[in-house]
Amino acid sequence: MDSALSQTIERVRASIASQTALRIRGGGTKDFHGAALQGEVLDTRPLQGVVSYEPSELVVTVRAGTPLADLEALLAEQGQCLPFEPPHFGPGATVGGMVAAGLSGPARASVGAVRDYVLGLELVNGRAELLRFGGQVMKNVAGYDVSRLMAGAWGTLGLITEVSLKVLPVPPAEATLRFACSQADALRQLHAWGGQPLPLNASCWVDDGSSSGSGTLYVRLRGATAAVEAACRSMGGERQDNAGVAP
């Protein structure tokens, strides 16, 4: 056990003895979310580093205080990614905060949420005990899946110190289509497309602010190059420059 982890456990043990509340905090990029923040800050950022990464196995194990941007850069070097597109809300976002918040990006509806990619984790519970759940492959998850339960728990069930995540290859092709339509028409069209074999990845309807209820629907396609190109031809719309479309 390294010094950063030992000090974290000792801090929890001391708070138990003094009956002092702790406020678990990584980069603080999600401090705006939720109820009032109370307790002495327990900084997770000393718990940094990639424990193991097996690109061929599509799994990475990383410590909770590791900057999320660093992890995504490491994965990008191997042509891989976190497909659920976790929001950062700032440059200091950490991997532990990503799991604890359980927030996903625009691809959540098509690829799944954060919890769907958590294979296992290590945590410190309210008794200052270091516990491990799950593993590095899906078949290791048996019985009550505590690992996924931690996703979205906001640290109320324990302090995440390390997490193993499933990653996926970056899709070979991507395209974003733009359609001018009302919200009702957008929903109707999305339902129709959802029943077809199209590489739909994300969608967003933006109100133009007028009293007519008109707006703009953006649909993102990701997948094999042939499938994306065929979908663009069949769906129509105005194709956008990928570099100019915000994720």
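A few remarks follow.
- When the stretch 206-224 is filtered for residues that are exposed (fewer than 14 other Cβ atoms within 10 Å of the Cβ), under 25 Å from the mean Cα position of the chain (by Cα) and more than 23 Å from PHE89 (Cα to Cα), only ALA224 remains.
- Of all residues in the stretch 158-185 being of a type in the set (Val, Ile, Thr) and over 13 Å from VAL219 (Cβ atoms), the one that is surrounded by the most Cβ atoms within 10 Å (Cβ to Cβ): ILE160
- Cross-chain or 6+ apart pairs with Cβ under 6 Å, the stretch 106-119 first and in contact (Cβ under 8 Å) with a residue 24 or more places away in the chain and farther than 12 Å from ARG220 by Cβ, then open to solvent by 10 Å² or more (accessible area, probe 1.4 Å) and of a type in the set (A, V, I, L, M): VAL114/ALA151; ARG115/ALA151; VAL118/ALA151
- Lone qualifier among SER15, SER56 - being closer than 24 Å to PRO171 by Cβ and part of a helix (DSSP H, G or I): SER56
- Filtered residue count, the stretch 186-205, keeping only those that are buried (at least 17 other Cβ atoms within 10 Å of the Cβ) and in contact (Cβ under 8 Å) with a residue 60 or more places away in the chain: 4
- Residue ID - modelled with the highest pLDDT, chosen from residues in the stretch 232-246 that are under 27 Å from the mean Cα position of the chain (by Cα) and in a helix (DSSP H, G or I): ASN242
- Residues that are open to solvent by 80 Å² or more (accessible area, probe 1.4 Å) and of a type in the set (Ser, Thr, Tyr), drawn from the stretch 225-247: SER234
- Just one of the numbered conditions (1) more than 18 Å from the chain's Cα centre (by Cα); (2) at pLDDT below 95 is not true of VAL124: (2).
The values are calculated or read from the model by the stated rules, or taken from the named source; none is laboratory data. A quick note: this is a predicted structure, and the numbers were derived from the prediction, not measured. Neighbour counts run over all protein chains shown; Cβ positions are idealised from the backbone, glycine included. Accessible surface is based on the protein model in full, side chains and every heavy atom, while ligands, DNA and RNA are left aside. Shrake-Rupley method; radii C 1.70, N 1.55, O 1.52, S 1.80 Å.
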